[in-house]
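Q: Below is one structure. I have some questions about it.
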Amino acid sequence: MRWILIFAAVSIALAPWAQKQALASEWGCEVLLCAASDNPSWHSIATCLPPMNKLISAMKRPRFSWPTCPDGGSGKPGYERYADCPSGWNPAEAENNGDRIGRSDLSRCSRVVNECGQGRWNRFGGNSQTAEGVTRVYSGEHSCTYTEFMARPLRDKPYYFDIRDDTTKTTSRYFFDLQK
């Protein structure tokens, strides 16, 4: 009988915590479902506005922690600031990392252009800028090869969840934004 009373007392003491955990998990699952909605995005779904606006507001508070959805197999989302480079271009580091020594910021796209077979030669070497904002860095004087650099495009939806489908054993990535 004594153990039953102890168990009952512990259950009563933990009930508010368990309820809070269940509500947080429910909110996390709402966030996951809304964030994964692509067509239309969560912005156009009336039932998604309250949980997503709650998330955006909560992110401004100190010690914010992402609501999770254990049933959805997802924790906090990832973040990718930059979109893929255009076809034929590769991600490249920024020209000057400044104070960020040792950190790679792949904020540019680059490609090597070889015009040697076309009879085009740069007589001066150095750099030049195109009208489209592409910088050309020549290999040297009298060179017909150069490297082009351009700003890497930013993602309009930089956050993502990777969601695993247990049936097909595949993972799909769902990008979303947190703009009100």
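Readers should treat all values here as calculations from the given coordinates under stated rules, not as data from a laboratory. This structure is a prediction, so every number in the text was calculated from the model and none was measured. Backbone-built Cβ (ideal geometry, glycine too); neighbour counts: all protein chains shown.
Q: Rank these for me by crowding, Cys116, Cys109, Cys144, going from fewest to most other beta carbons within 10 Å.
A: Ordered from fewest to most neighbouring Cβ atoms within 10 Å, Cys116, Cys109, Cys144 come out as Cys116, Cys144, Cys109.
Q: Sticking with this structure for a sec: Given contacts defined as C-alpha pairs under 8 Å and at least six residues apart, what's the relative contact order of region 31-99, whole-number percent?
A: Normalised by residue count, the contact order of region 31-99 is 20 percent.
Q: Separate question: Out of residues 5 or more away from Asp105 or on other chains, whose amide H comes under 5 Å of its own, with H placed 1.01 Å from N in the peptide plane?
A: It is Ala94, by chain and number.
Q: For the residues Arg63, Arg173, Arg108, what sequence is obtained by ranking on other C-beta atoms within 10 Å, fewest first?
A: Arg63, Arg173, Arg108
Q: Turning to a different aspect of this structure: Using alpha carbon coordinates only, what is the Rg to Rh ratio of region 134-180, with Rh defined as the Kirkwood radius? List each step's numbers first, then the result.
A: Values: Rg = 20.3 Å, Rh = 14.8 Å.
So for region 134-180, dividing Rg by the Kirkwood Rh gives 1.37.
Q: Check which residues have an amide H placed less than 5 Å from Ser74's amide H, if you skip close sequence neighbours.
A: Cys69
Q: Also, quick follow-up: Step through the residues of region 167-180 one at a time and calculate ³J(HN,Hα) from phi using the Karplus curve (6.51 cos²θ - 1.76 cosθ + 1.60, θ = phi - 60°), rounding each to whole Hz and writing x for Gly and Pro.
A: With the stated coefficients, region 167-180 comes to 6, 8, 6, 10, 10, 10, 9, 10, 8, 8, 10, 10, 8, 6 Hz.
Q: Here is a follow-up. Excluding Ile56 itself, calculate the net charge of residues whose Cβ lies under 13 Å from the Cβ of Ile56, where each Lys or Arg counts +1 and each Asp or Glu counts -1.
A: Value of the local net charge: +3.
Q: What's the local net charge at Ala92, with K and R +1, D and E -1, over the other residues with C-beta under 12 Å away?
A: Net of charged neighbours comes to -1.
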